[in-house]
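One structure is given here, and the rest of the page talks about it.
The values are calculated or read from the model by the stated rules, or taken from the named source; none is laboratory data. Bear in mind that the values here come from a model prediction, so they are computed numbers and not experimental data. Ideal geometry is used to build each Cβ from the backbone, glycine not excepted, and the neighbour counts take in all protein chains shown. Only protein heavy atoms, including side chains, enter the accessible area calculation; ligands, DNA and RNA are left aside. Shrake-Rupley method; radii C 1.70, N 1.55, O 1.52, S 1.80 Å.
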Amino acid sequence: MAALCSTFPFLVQSEFEGACQDLADRCTSAQNIGWSAIRLLTKPDGTGLRITKCVDVPSPLEPPALEDLEESQEDEDPEALVRAKLQPSLQIDYDILLSPTYQVPVLYFSLRWHNHGPLGLDEVYQYVVPERYRQELKNVGVMGGISMGYHPDSGAPAFFVHPCNTADAMANIADAQSVTPGSYLLIWLGLVGHCVNLHVPHELFA
């Protein structure tokens with residue numbers, strides 16, 4: 001039987017790293033979970049986890065007029081017109097790291113279209129946050145439930161779900177007498193992820 005969390009509703013670094021490895025192993029065994037990739041992030045001060053997901057939604061970038069494409073490309077490259085009609089998928093990289101301050105997992109994420117740069121907070125609420133959670137997230141704190149800062153590893157701008165209420169939320173929905181680090185991470189991911197279009201596949205609970 002797996003050991004219980006030693007400091008619930010918090011996680012120590014070793015328990016967090018074991019939970020990340022456990023989730024990565026579960027994803028390797030599961031089939032068709034809807035995530036493009038999942039990999040461990042190994043760094044000098046500990047291990048994290050990256051989940052990559054692609055979402056097909058209309059591009060926010062204004063495409064060239066179809067008539068212009070037809071005139072310029074029809075005779076030169078018939079395949080170019082077909083490619084121009086396709087909207088690029090939105091790629092979202094979710095990084096799960098342990099906050100050294102709050103001692104709970106934090107979900108950082110960035111999004112981009114193929115061949116285009118990062119997008120902003122408006123696009124996050126439009127394309128990533130399900131409509132039923134938008135107002136709720138915007139009403140949490142001065143900055144909202146989703147904040148923008150710098151990724152602690154890469155230093156690049158990234159969005160994150162603020163962890164200040166995570167420990168209280170975990171204490172309210174989970175039983176300290178039955179939560180292992182692995183189940184903690186799955187419960188936390190279900191709690192935080194559904195607000196930003198990262199749903200936990202039921203296969204991972206098997």
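Residue check: is Asp95 among the charged types (D, E, K, R), at pLDDT 80 or above, closer than 30 Å to Thr7 by Cα and open to solvent by 70 Å² or more (accessible area, probe 1.4 Å)?
no
Residue by residue, here is whether (1) part of a loop (DSSP other than H, G, I, E, B); (2) more than 14 Å from the chain's Cα centre (by Cα); (3) crowded, with 18+ Cβ neighbours inside 10 Å holds:
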residue	(1), (2), (3)
Ser6	yes, yes, no
Leu11	yes, yes, yes
Glu17	no, yes, yes
Gln31	yes, yes, no
Gly34	yes, no, no
Arg39	no, no, no
Gly48	no, no, yes
Cys54	no, no, no
Val57	yes, yes, no
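Can you pull out the residues in region 159-203 that are open to solvent by 60 Å² or more (accessible area, probe 1.4 Å), closer than 14 Å to Leu4 by Cα and touching a residue at least 60 places away in the same chain (Cβ under 8 Å)?
Gln177, Ser178
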